[in-house]
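Written below as structure tokens is the structure these notes are about.
Every number here is computed from the coordinates shown, using simple stated rules; none is lab data. These numbers were taken from a predicted model, which means no experiment stands behind them.
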Amino acid sequence: MAGLREAQKKMTRRLILSTALQLFEEKGYAATTVDDIATAAGTTRVTFYAHFPSRSDLVRALIEELNETLGRSDSPTHGSTAPALVEVVADGSPAALTGWLEATARDWDTVRPYTRAASEAAVVDPELRGVVDAWLDEATADVREGLDRADRFDPGSRRLRGVLAISQLDHLARNWEPGRWDSDRDQVVALLAESWHALLGDAGAP
């Protein structure tokens, strides 16, 4: 019986999260209330708050889901890490960087609602601003770790190179859609890979 109740709790939590994500995509974070989420999920405010003390906590849970989708796991040094990203940056070859970006771009449609919701939430909710900034910093730290492993570029420039590379990726993943900027996804990824190789790759190293 306890197992059934636990399964039902997990299902309800998952339903609230998926409903919230859909509403954030349709209406935006700022315009979506707890009542909107509860009603659309077929539950109540009381049930919502039993799972999430606030909308901010719900967004934190969405970021955790996003990390799972992106293959990010706990890092002992900087919150979360994507080992594959560290490895391709350390490799630094055009093939490695392009291959990773192509694989990542295939998930853009899936991750876009999450990243847009988190970005919008950070603008209107000071409590989340630091959370979203820290999440991006974790990806930047992966890039720096890869450059450190390869001992490529001046150490003082490695973090900034990570900031530039991850900012490009985040902007494109959040904003590119078919037909936008007169570019298809292959073109977008090819140009992004060119930029990453100049910023991070072995060709750009002295």
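When the chain is modelled as a GNM with alpha-carbon springs shorter than 10 Å, which of Leu191, Leu85, Leu169 fluctuates the most?
It is Leu191.
Which option, (i) 114; (ii) 136; (iii) 170, is the value of volume of the Cα convex hull per residue in Å³ that was calculated from these coordinates?
(ii)
What helices in the chain pass both tests, a Cα length along the helix axis of 20 Å or more and a mean Kyte hydropathy of 0.5 or higher, using whole DSSP H runs? Please report the intermediate quantities before stating the final value.
Details: long enough: 2-27 (37 Å, -0.45); 55-69 (21 Å, -0.41); 108-124 (24 Å, -0.13); 126-150 (37 Å, -0.43); 155-175 (31 Å, -0.39); 185-200 (21 Å, 0.57).
Within the chain the helices that satisfy the rule are 185-200.
Need the C-alpha centroid separation for the range 9-35 versus the range 124-144, integer Å.
Here the answer is 22 Å between Cα centres.
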